[in-house]
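Participant: Have a look at the structure that comes next, please.
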Amino acid sequence: MAYVILQHCCNDAACVSACPVDCIHPRPDEPSYATTEMLYIDPEMCINCGSCQVACPVDAILPGGDLGSDEAVFSELNAAFYQNQSQPATYSLSVPDARTRVTGTVRELRVAVVGSGPSGSYAAQELLSRRDVSVRVDMFERLMTPWGLVRFGVAPDHLATKGVAVGFERMTRDPRFRLWLNVEVGRDISPEQLSERYHAVIYAFGAMNARMMGIPGEDLPGSHSATEFVAWYNGHPDYAGREFDLSVPRAVVVGNGNVAVDIARLLLSTPARLAQSDIAPHALEQLSTSRIREVVVVGRRGPADAAFTNGELLGLLSVPELDVAVDPKGFGSNTDPDRALGFAAIQKVARLSELVGRMPSKDRRVVFRFCASPERLLGQHQVSGIRLVRNTLVADGSGVRAVPTDEFDELDCALVIQSVGYQGKPLGSVPFDSARAKILNHHGRVLDPESGEPVTGAYVTGWIKRGPSGVIGTNKQCAKQTVACLVEDFLADGLVKPTAELGDMATQLPAAFDVRAWRAIDQHERSAGKRTGRPRVKLVDRAVLLAVGRQAVAEQHGSVPDNIDAISSVTDEGIRRG
Ligand SMILES: Cc1cc2nc3c(=O)[nH]c(=O)nc-3n(C[C@H](O)[C@H](O)[C@H](O)COP(=O)(O)OP(=O)(O)OC[C@H]3O[C@@H](n4cnc5c(N)ncnc54)[C@H](O)[C@@H]3O)c2cc1C
Ligand SMILES: NC(=O)c1ccc[n+]([C@@H]2O[C@H](COP(=O)([O-])OP(=O)(O)OC[C@H]3O[C@@H](n4cnc5c(N)ncnc54)[C@H](OP(=O)(O)O)[C@@H]3O)[C@@H](O)[C@H]2O)c1
Ligand code: SF4
Ligand code: SF4
């Protein structure tokens with residue numbers, strides 16, 4: 001049986017070049033790659049060689065014969081993609097691959113990368129893979145732990161997806177690469193100071209701010225953003241102390257993206273399921289005693305326009321303790337205009353149709369409510385409910401829009417989470433497009449807002465370049481494009497030679513830690529996990545993270561910090577709670 005791509009495909013296309021018969025699509029050079037939910041294997045062409053499985057960083061490929069009962073549906077999904085498809089047209093992506101191009105003189109290029117999430121890490125990897133320039137990369141991360149949303153966004157029960165970090169870890173062993181943790185650019189060092197030391201700075205600091213709808217009642221206790229809730233359950237130090245009311249049987253999640261699906265699944269996970277994940281100790285404790293048994297996921301448009309992917313929907317349907325139903329209100333042709341749908345939308349509508357009005361038989365359930373928007377949150381001193389307005393959908397030149405009607409519904413609940421996307425924020429003097437909440441750029445070259453011309457030596461990649469959308473692998477192609485522009489400018493003598501030396505960075509940044517601190521934290525968390533039968537027990541307290549980092553550095557230098565007893569007791573407490 002042919003090999004099959006599964007739910008947690010992150011679109012990085014590492015499998016594409018591994019396949020000897022070109023049966024994995026869409027490829028990055030095909031137009032539909034930009035919008036595809038995942039990649040698919042053509043079962044008619046696959047010769048079962050297994051090369052793609054070896055290449056996949058997140059174990060998202062299995063031989064058809066090894067699929068579990070929950071995964072068999074992905075075999076159908078892969079095959080369905082190729083039914084009635086003409087051979088995808090190819091086009092040339094404007095990213096020259098210079099890996100084999102060697103110029104006469106190899107010159108040293110120094111680059112600073114701001115942010116250690118997938119986009120910054122792919123950019124660093126791409127730079128280090130170049131053969132036409134001699135590269136040195138310094139990466140700056142404001143937290144004590146690297147890899148951005150791989151640690152603080154990806155759901156704690158999606159452990160395979162986090163495997164993408166293995167490739168990033170490998171990069172830290174390259175002597176041309178340095179990781180500077182606990183350094184916030186804009187606070188500890190300015191963009192201008194970086195420009196003095198590097199030919200180029202790549203901004204890759206993501207878009208971690210919450211988007212809110214601005215509806216009445218959203219300031220009440222019980223109303224939260226997805227950003228806040230996700231960062232809390234994933235152990236982000238800035239959000240560890242947040243409180244969520246889990247005492248009332250129903251919660252409402254507003255928004256129809258994959259983050260909304262993650263949140264609904266996590267809110268309803270059983271203690272046993274949570275314990276197998278790497279969820280933060282405080283969240284494990286609180287969610288394990290949660291009384292929430294129903295999560296209503298509210299989408300302003302219909303099922304065909306839901307932003308969650310088929311993979312995540314199928315993943316939700318495969319959770320054994322969960323019922324998934326679709327509220328008949330807001331589902332059907334009376335709300336959704338007739339139109340031609342693409343492959344992913346057809347699959348989604350077909351699956352959701354089977355769930356309409358389904359009667360629950362289990363203790364925990366997710367209910368999708370389409371074509372509805374929150375009009376206000378109800379309650380005097382705390383959220384006690386949500387008032388929804390029913391929408392009708394209108395198709396026009398710009399797509400399908402939700403238009404409110406004069407019909408309303410109210411739901412009782414004490415917790416409302418708005419999962420309507422993230423947004424970027426400006427950093428110092430780096431040109432920012434406030435309307436789109438991202439850095440002003442063209443193909444990754446930062447632009448001067450006055451002249452519209454590129455700012456010499458300034459580049460951008462990832463969510464802060466494109467806006468907060470796209471899976472992990474999307475950032476790989478995005479980073480390649482940015483790095484191609486940067487190297488092109490360098491080779492054309494378009495960058496300014498650094499005026500300050502790199503040697504003084506450690507003096508400049510006395511609070512910074514290097515990769516040894518992260519390795520010690522990682523090791524500490526994994527060991528604690530081993531002792532408690534969990535993948536890892538995350539450290540979330542900033543002081544403890546700093547202390548473990550400091551201890552690692554001290555041990556390298558043969559001295560132990562004064563507060564070592566305090567560190568041990570605090571981390572042991574974290575482990576007991578985990
Ligand atoms: C909740 C959630 C779940 C997701 N789950 C998945 C999934 O399962 N699979 C998948 O493929 N994709 C998933 N994604 C998408 C994926 O996480 C993103 O595509 C990706 O992380 C974006 O990468 P980035 O590097 O642009 O930003 P980020 O990952 O946010 O990285 C930015 C980094 O910059 C650092 N930083 C910020 N400001 C500064 C500063 N001033 N100085 C220094 N450092 C700074 C941050 O601390 C962070 O480490 C998810 C996204 C979210 C929000
Ligand atoms: N497992 C995974 O692979 C995974 C997991 C999590 C996240 N991610 C990725 O991370 C990215 C971000 O995910 P996300 O869920 O935050 O964002 P998203 O995919 O952009 O979804 C945002 C949702 O919010 C809705 N919304 C926006 N404004 C609204 C408003 N004013 N009122 C009501 N609804 C509103 C949108 O509806 P409209 O469509 O009508 O605008 C959409 O349903 C996505 O690319 C996602 O695929 C991937
Ligand atoms: S098993 Fe071999 S032929 Fe089949 S998709 Fe993977 S790499 Fe291609
Ligand atoms: S995660 Fe990457 S390598 Fe794995 S199946 Fe998806 S695109 Fe291919």
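The values are calculated or read from the model by the stated rules, or taken from the named source; none is laboratory data. Bear in mind that the values here come from a model prediction, so they are computed numbers and not experimental data. When we count neighbours, we look across all protein chains shown, and the Cβ atoms used for this are built from the backbone with ideal geometry, even at glycine.
Participant: Exactly one of (1) more than 13 Å from ligand 4 (Cβ to nearest atom); (2) in contact (Cβ under 8 Å) with a residue 12 or more places away in the chain; (3) of a type in the set (D, E) is unmet by D66. Its number?
Facilitator: (2)
Participant: Moving on. Check C413 against each of (1) closer than 18 Å to G257 by Cβ; (2) crowded, with 20+ Cβ neighbours inside 10 Å and name the one condition it does not meet.
Facilitator: For C413, the failing item is (1).
Participant: Would you call G462 within 14 Å of ligand 1 (Cβ to nearest atom), touching a residue at least 12 places away in the same chain (Cβ under 8 Å) and closer than 22 Å to I189 by Cβ? Step through it out loud before you land on a result.
Facilitator: Numbers: within 14 Å of ligand 1 (Cβ to nearest atom): yes; touching a residue at least 12 places away in the same chain (Cβ under 8 Å): yes; closer than 22 Å to I189 by Cβ: yes.
Against the criterion (within 14 Å of ligand 1 (Cβ to nearest atom), touching a residue at least 12 places away in the same chain (Cβ under 8 Å) and closer than 22 Å to I189 by Cβ), G462 qualifies.
Participant: Next question. Hey, among the residues in the stretch 177-211 that are among the small types (G, A, S) and touching an Asp or Glu at 6+ places or on another chain (Cβ under 9 Å), which one's surrounded by the fewest Cβ atoms within 10 Å (Cβ to Cβ)? Working first, answer last.
Facilitator: Applying the first criterion (among the small types (G, A, S)) to the stretch 177-211 yields 186, 190, 195, 200, 204, 206-207, 210.
This time we only want the ones that are touching an Asp or Glu at 6+ places or on another chain (Cβ under 9 Å), so: 200, 210.
Values: A200: 27, A210: 18.
For the stretch 177-211, the residue satisfying everything is A210.
Participant: Separate question: Yes or no: the stretch 447-459 includes at least one residue that is closer than 24 Å to S129 by Cβ and either assigned to a loop (DSSP other than H, G, I, E, B) or within 16 Å of ligand 3 (Cβ to nearest atom) (or both).
Facilitator: Step one: filter the stretch 447-459 for residues closer than 24 Å to S129 by Cβ, giving 454, 457-459.
Okay, now just the ones that are also either assigned to a loop (DSSP other than H, G, I, E, B) or within 16 Å of ligand 3 (Cβ to nearest atom) (or both), so none.
The answer is no, given that none of the residues of the stretch 447-459 is closer than 24 Å to S129 by Cβ and either assigned to a loop (DSSP other than H, G, I, E, B) or within 16 Å of ligand 3 (Cβ to nearest atom) (or both).
Participant: Next question. Got a number for residues in the stretch 172-221 being among the aliphatic types (A, V, I, L, M) and in a loop (DSSP other than H, G, I, E, B)?
Facilitator: From the stretch 172-221, those among the aliphatic types (A, V, I, L, M) are 179, 181, 183, 185, 189, 194, 200-202, 204, 207-208, 210, 212-213, 215, 220; that's our starting set.
The next check asks that each one be in a loop (DSSP other than H, G, I, E, B); those that pass are 183, 204, 207-208, 212-213, 215, 220.
The number of residues fulfilling the criteria is 8.
Participant: If I go through the stretch 402-438 residue by residue, how many of them are free of Cβ contacts under 8 Å to residues at least 24 places away in the same chain and either assigned to a strand (DSSP E or B) or within 16 Å of ligand 4 (Cβ to nearest atom) (or both)? Walk me through it before giving the result.
Facilitator: First, the residues of the stretch 402-438 that are free of Cβ contacts under 8 Å to residues at least 24 places away in the same chain: 403, 405-407, 426, 432-435.
Filter again for either assigned to a strand (DSSP E or B) or within 16 Å of ligand 4 (Cβ to nearest atom) (or both), leaving 403, 405-407, 432-433.
Total meeting the criteria: 6.
Participant: I'd like to check something: does the stretch 500-511 contain any residue that is of a type in the set (D, E), in a loop (DSSP other than H, G, I, E, B), in contact (Cβ under 8 Å) with a residue 40 or more places away in the chain and not assigned by TED's automatic domain parsing to the domain that holds S116? Before the answer, list the steps.
Facilitator: Kept after step one, since they are of a type in the set (D, E), are these residues of the stretch 500-511: 501, 504.
Then drop every residue that is not in a loop (DSSP other than H, G, I, E, B), which leaves 501, 504.
With the extra rule that they be in contact (Cβ under 8 Å) with a residue 40 or more places away in the chain, the set shrinks to 501.
Within this subset, residues satisfying the condition of being not assigned by TED's automatic domain parsing to the domain that holds S116 are none.
Within the stretch 500-511, not a single residue is of a type in the set (D, E), in a loop (DSSP other than H, G, I, E, B), in contact (Cβ under 8 Å) with a residue 40 or more places away in the chain and not assigned by TED's automatic domain parsing to the domain that holds S116.
Participant: Residues in the stretch 116-129 that are in a loop (DSSP other than H, G, I, E, B) and crowded, with 20+ Cβ neighbours inside 10 Å: how many? Spell out the reasoning first.
Facilitator: Narrowing the stretch 116-129 to residues in a loop (DSSP other than H, G, I, E, B): 116-117, 129.
Going one step further and asking which of them are crowded, with 20+ Cβ neighbours inside 10 Å, we end up with 116-117.
The qualifying residues number 2.
Participant: Separate question: Here are some conditions: (1) under 25 Å from A372 (Cβ atoms); (2) within 15 Å of ligand 2 (Cβ to nearest atom); (3) in a loop (DSSP other than H, G, I, E, B). S277 meets all but one. Which one does it not meet?
Facilitator: S277 satisfies every listed condition except (1).
Participant: Hey, could you check the stretch 6-47 for residues that are outside any loop (DSSP other than H, G, I, E, B) and within 13 Å of ligand 4 (Cβ to nearest atom) and say which is farthest from P118 (Cα to Cα)? So that I can check it myself, show each step before the final result.
Facilitator: Taking the stretch 6-47 first, the residues outside any loop (DSSP other than H, G, I, E, B) are 24-25, 31-34, 40-41.
Now narrow it down to the ones that are within 13 Å of ligand 4 (Cβ to nearest atom): 24-25, 33, 40-41.
On the way: I24: 23, H25: 22, Y33: 18, Y40: 22, I41: 25 Å.
If we take residues in the stretch 6-47 being outside any loop (DSSP other than H, G, I, E, B) and within 13 Å of ligand 4 (Cβ to nearest atom), then I41 is farthest from P118 (Cα to Cα).
Participant: Within the stretch 14-29, work out how many residues are within 20 Å of A79 (Cβ to Cβ) and either in contact (Cβ under 8 Å) with a residue 60 or more places away in the chain or hydroxyl-bearing (S, T, Y) (or both).
Facilitator: Number of matching residues: 3.
Participant: Right, R197: in the same structural domain as C478 (by TED's automatic domain parsing), of a type in the set (K, R) and over 22 Å from the mean Cα position of the chain (by Cα) or not? Can you show your working first?
Facilitator: Details: in the same structural domain as C478 (by TED's automatic domain parsing): yes; of a type in the set (K, R): yes; over 22 Å from the mean Cα position of the chain (by Cα): yes.
Criteria met by R197.
Participant: Within the stretch 336-350, identify whether any single residue is within 13 Å of ligand 2 (Cβ to nearest atom), farther than 24 Å from H8 by Cα, in the same structural domain as L246 (by TED's automatic domain parsing) and buried (at least 21 other Cβ atoms within 10 Å of the Cβ), and answer yes or no.
Facilitator: Within the stretch 336-350, one or more residues are within 13 Å of ligand 2 (Cβ to nearest atom), farther than 24 Å from H8 by Cα, in the same structural domain as L246 (by TED's automatic domain parsing) and buried (at least 21 other Cβ atoms within 10 Å of the Cβ).
Participant: Further question on the same structure: So, in the stretch 351-383, how many residues would count as being surrounded by fewer than 16 Cβ atoms within 10 Å (Cβ to Cβ) and touching a helix residue (DSSP H, G or I) at 6+ places or on another chain (Cβ under 9 Å)?
Facilitator: So the count comes out to 1.
Participant: Between a residue in the stretch 179-200 that is free of Cβ contacts under 8 Å to residues at least 40 places away in the same chain and more than 16 Å from W147 (Cα to Cα) and any residue that is in a helix (DSSP H, G or I) and of a type in the set (V, I, T), which pairs come within a Cβ distance under 9 Å, given they are 6 or more apart or on different chains?
Facilitator: No pair meets every condition.
Participant: Sticking with this structure for a sec: If you check every pair at least six apart or on different chains, which have Cβ atoms under 6 Å apart with a residue in the stretch 134-160 that is over 13 Å from G235 (Cβ atoms) first and a residue that is within 16 Å of ligand 3 (Cβ to nearest atom) second?
Facilitator: What qualifies is A160/V58; A160/D59.
Participant: Select from the stretch 2-53 the residues that are at positive phi and over 27 Å from the mean Cα position of the chain (by Cα) and write down the one among them that is farthest from ligand 3 (Cβ to nearest atom). So that I can check it myself, show each step before the final result.
Facilitator: Filtering the stretch 2-53 for residues at positive phi gives 11, 13, 22, 48, 50.
Narrowing the set further to residues that are over 27 Å from the mean Cα position of the chain (by Cα) leaves 22, 48, 50.
On the way: D22: 8, N48: 5, G50: 5 Å.
Per the criteria, the residue is D22.
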